[in-house]
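Quick note: the coordinates plus some simple rules give every number you see, no bench work behind them. These figures come from a predicted structure and were not determined experimentally. With ideal geometry, Cβ positions are generated from the backbone for all residues, glycine too; neighbour counts draw on all protein chains shown.
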Amino acid sequence: MQFIIISGMSGSGKTQAVRFFEDAGYFCVDNMPPVLIPKFAEMLSSITGKYDRVALVIDVRVGDMISELIDQIQQLKKSGHDCRLIFLNADNETLVKRYKETRRSHPVSDKKGLLASIIKEREMLKELYEGADYVIDTSLMKHDELSRALKGIDFCDDGKPQTLTVNVMAFGFKYGMPLDADLVFDVRCFPNPFYIPELRKKTGNDRKVQEYVMSFSEAKEFMDKLCDMMRFLMPLYIEEGKTSLTVAIGCTGGRHRSVTMANVLAADLKRQGYSVIRNDRDIKRG
């Protein structure tokens, strides 16, 4: 089992970091007391294959127990788990500015003020900083740069790079646009099998409907160009740091043309080695 422990200064980007790992498929827990880690690991290990990758955020919110974290990490390693510690850092000036912008109270209380609280926290985390596998300074980072920095680290046990999962969705425009789509393509311009009596009750998952839809040269040309564009875009999305992408193809009712073409696109993406999820949103609607 792989454990990623995320720690660091308050305001340095731990929330954004854990979202990165959630998107990458990790089971994430925020603010876990270090003393619970061994029992937690034992419990997850008993659920074979379901929780192979875990990310834990542990910082000064656990109080004095933070001093136990290094020992617990060593215990995980001795038990045979792959455990990495990421420490997120930022300079004092940046942290003061961020806290003033959010107007949140600092988890370390010091009567001398915010800066004194930050200095006190830094001292509490000194051992973690020195023992971290990766230290990332977010002082000058823009919003998306932390995700890129994390993506540049190989966290995979098998040495394979983290990749992007594509959700290829077919939908019907008459039921509304999908709100979660990154790319939307309208295929209502192509002949509709709905008006062919023997095809009306079938869907784009049936061979006869697929043969009809793809029998037109314009439909073939469209799919060739769409697949070619996706081959161009996919590496760019991966480089940008996306871990999931939703491509929606719509026709009038979401049963025939869109389903057929979503199947063609999904098959092409799978041949390229991408992880693909197929979803026919409206296929069961009247």
Picking from 204, 254, the residue that is of a type outside the set (A, V, I, L, M, F, W, C), touching a Ser or Thr at 6+ places or on another chain (Cβ under 6 Å), crowded, with 17+ Cβ neighbours inside 10 Å and closer than 23 Å to residue 180 by Cα would be 204
Considering only residues that are more than 13 Å from residue 132 (Cβ to Cβ) and outside any helix (DSSP H, G or I), look in region 68-85 and name the one that is nearest to the chain's Cα centre (by Cα). 82
Scan of region 1-36 for residues that are more than 19 Å from the chain's Cα centre (by Cα) and within 20 Å of residue 130 (Cβ to Cβ), ordered by number: 7, 8, 9, 10, 12, 34
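Rundown of residues vs (1) over 22 Å from the mean Cα position of the chain (by Cα); (2) more than 23 Å from residue 17 (Cα to Cα); (3) part of a loop (DSSP other than H, G, I, E, B), yes/no style:
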position	(1), (2), (3)
101	yes, no, no
109	yes, yes, yes
118	yes, no, no
143	no, no, yes
169	no, yes, no
180	no, no, yes
191	yes, yes, yes
203	yes, yes, yes
212	yes, yes, no
When every residue in region 39-67 that is assigned to a helix (DSSP H, G or I) and hydroxyl-bearing (Ser, Thr, Tyr) is compared, the one farthest from the chain's Cα centre (by Cα) is 67
Would you check which residues across region 233-279 are touching a Phe, Trp or Tyr at 6+ places or on another chain (Cβ under 8 Å) and not in a loop (DSSP other than H, G, I, E, B) and list them? 234, 245, 247, 248, 249, 250, 251, 257, 258, 261
Quickly run through region 1-41 and pick out the residues that are β-branched (Val, Ile, Thr), crowded, with 17+ Cβ neighbours inside 10 Å and closer than 18 Å to residue 125 by Cα. 4, 5, 6
If the Cβ limit is 6 Å and pairs must be 6+ apart or interchain, which residue in region 62-76 that is of a type in the set (D, E, K, R) pairs with which residue that is assigned to a helix (DSSP H, G or I)? 68/34
Quick count over region 215-274, residues being more than 23 Å from residue 24 (Cβ to Cβ) and touching an Asp or Glu at 6+ places or on another chain (Cβ under 6 Å), is 4
Filtered residues of region 190-218 (kept if in contact (Cβ under 8 Å) with a residue 24 or more places away in the chain, of a type outside the set (Phe, Trp, Tyr) and farther than 21 Å from residue 272 by Cβ): 191, 192, 193, 199, 202, 203, 204, 205, 209, 213, 218
